[in-house]
Every structure is written in C-alpha cells, then in structure tokens.
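Down below is the structure, laid out as structure tokens.
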Amino acid sequence: MKYIFTDPKIQAYFSLSDNHAELDHEAASKEKLIHVHWNRNNRPIKMAIDALPFELEPNQLFTTTFLQYFEVAKDAPPLTTFSFNREFYCIIDHDHEVSCNGILFFGTQDTPVITLEQKEKKKFDLLYEVFLDEFETHDNIQGEMLRMLLKRLIIKTTRLARKQLISKEVKDSQIDIVRKFNVLVDMHFKEKRQVNDYAELLFKSPKTLSNLFAKYNQKTPLQIIHERVVLEAKRLLLYTDKTAKEIAYDLGFEEIASFHKLFKKVTGYTPQKFKIEMKSEKGKNEQLEGKS
C-alpha cells in the first residue's frame, strides 16, 4: 500500500508507504526526500545506512535524509515510511514550529532511534489511521491537512527524541545551541573544521561549547566536526568513482596527506583500505542473504 499526495503548482510531494521497498530510491534521491521510518512489525528489520549495518526493533522509529544512502535487507519485513520534500514541508524554514533540526534531521551523525512504549504506540497508531483517512479524502484542503498531520508526527517524534536521547541535565536553551551547532557543521564542514569557527557563528566561546557537549553526550565538538567530514568521505568512497585525491579536494583539503591523517584517525583505516574492507563485507553479507 502506498499513498501519494502531489501539488504540481509548487512541486510538493508527500507519501506514506507500508513497504519502503516500493520506493524508487533513485527517484527519491533526485526529489531530495526526507523520511520518517517506522517498524510496525513484531520482528526486527535489518538494513544498512551509509553501508553500515543497522537493525530497527519493533515499535522503533528513525529518520533519514537525501544525504544518506539507505537500503533494507531483501528478506526484511515491510518498513513503514513517511516521505516528503522541502516543497511540501520545509523543516528548515519551519524549525521554529517543530525544533527538529539537529536532533531528528540534518547535523546528526548518529542515527536517531526513538522507541515507542505501549502508551505512545497507541497514540502513533491512532495518528497513522488519521493519515490513512486523510490520504483518502480528496478535496481542496487535503494538502494543508496532511501538512498539519506531518507537523504533528515530527513534533511528537522530536519530543520523544529529546526525552530518550538527551540528558535531562541539559536545558532547552542549551539543546537549541547543540542543535544549531549540529546544523552549522552539516552546512559548513567542508570549509570550517575548527571549533572556534562555529563558536563565532553561535556567539559563544569554544570552552562554552565544549562544556555543553560534555553534558550533552560523550563526543566533543571537534569530534563531531571530524566525524562529519569523514562521513562525507565515506559516502563518496563507497558510492562514487572518485579517487581519494579528488575526495580530499572536494572536502576542502589542500593536501591529501592531511585528509588521509584525519580519515585514519577517525576510522582506523586509510581511505583505500576502508573502501576495500567495506566492499568485501558487503559481498559477504550478500552471499549470506542468498544462502538464507
């Protein structure tokens, strides 16, 4: 089952599918879609995000954007997916409404996984049914109603993410600084690789950011910057034909030696060794899937 709403006038797209495998990934990439995925089954779903194995347990949600490479295992149970583009609902322009950027979407290197306990599951199941009803109601306000429901889904998911993924010691105002930092890193990692660069953009001192992140999670601001650079390098290594030298240039490195040093520091591998290891691992997994 797949429902699709489009508005050709503004090129808006929004869909709900109870089987992510139905999506045309190439077309989705071109459309720059953002996704909210939900395991509504009673068994885990195996997949890979940016070539790394990932397993989603029953009653868990997570998000992906058009920046990520995402693939569900061939024998996995169906994955429910909400997909939309910026023209339908721009989470950047409307961040003041949903406060999700840097937590659910963009600027976060770790996949945010939200677990639905029984009480929340009932609420999300009800919201899902309302979505289905609205997709079947074709009138001149259907688009606006679907936007309202999507906004509600994002807000509810963001609230759970704040509760489950963020320390209670961190105040809302501090969370907003972390969110803005994450988004800024996502925007500027190719040309800005020092904590001081982002501290200036946020009108904070580097020490303030370091103290805040020590409270927020185990990673330092510099680790987050480095991991974002390396994440992009991994994507380019695995999903393009670019050489390490070309990738280093794309990521703003003047010397390839500096790129190699950072990549090995974060991953433990040289770029070439990483590419070989990951392709070998993918081949082994495909063989195992074929046997099963």
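The values are calculated or read from the model by the stated rules, or taken from the named source; none is laboratory data. This one's a predicted model, so the numbers in the text were calculated from it and none came from an experiment. Don't worry about glycine lacking a Cβ; one is built from the backbone with ideal geometry, like all the others, and counts go over all protein chains shown.
Residues in the range 67-81 that are in contact with a Ser or Thr (Cβ under 9 Å, 6 or more places away or on another chain), outside any loop (DSSP other than H, G, I, E, B) and hydrophobic (A, V, I, L, M, F, W, C): PHE70 only. For the range 200-210, the tally of residues that are closer than 15 Å to ILE175 by Cα and either part of a helix (DSSP H, G or I) or not assigned by TED's automatic domain parsing to the domain that holds PHE181 (or both) stands at 3.
Considering the range 236-265 alone, what residues qualify as being modelled with pLDDT of 90 or more, surrounded by fewer than 16 Cβ atoms within 10 Å (Cβ to Cβ) and part of a helix (DSSP H, G or I)? Of everything in the range 236-265, those that are modelled with pLDDT of 90 or more, surrounded by fewer than 16 Cβ atoms within 10 Å (Cβ to Cβ) and part of a helix (DSSP H, G or I) turn out to be LYS245, GLU246, TYR249, ASP250, ALA257, SER258, LYS261, LYS264, LYS265. Examine the range 190-201 for a residue that is under 27 Å from MET278 (Cα atoms) and not acidic (Asp, Glu), and state whether such a residue exists. Yes, because at least one residue in the range 190-201 is under 27 Å from MET278 (Cα atoms) and not acidic (Asp, Glu).
May I ask you to verify whether ARG159 is in the same structural domain as THR81 (by TED's automatic domain parsing) and at pLDDT below 90? Answer is yes for this residue. Whenever a residue of the range 34-60 is in the same structural domain as PRO112 (by TED's automatic domain parsing) and on the phi > 0 side of the Ramachandran plot, its partners that are polar (S, T, N, Q) and surrounded by fewer than 16 Cβ atoms within 10 Å (Cβ to Cβ), lying with C-beta atoms within less than 6 angstrom and at least six residues away or across chains, give the pairs ASP50/GLN68. Residue count for the range 178-219, restricted to those that are at pLDDT below 90, surrounded by fewer than 20 Cβ atoms within 10 Å (Cβ to Cβ) and either among the β-branched types (Val, Ile, Thr) or more than 24 Å from ILE91 (Cβ to Cβ) (or both): 7. Within the range 37-57, the residues that satisfy the criterion of being assigned to a loop (DSSP other than H, G, I, E, B) and closer than 25 Å to GLU232 by Cβ are ASP50, ALA51.
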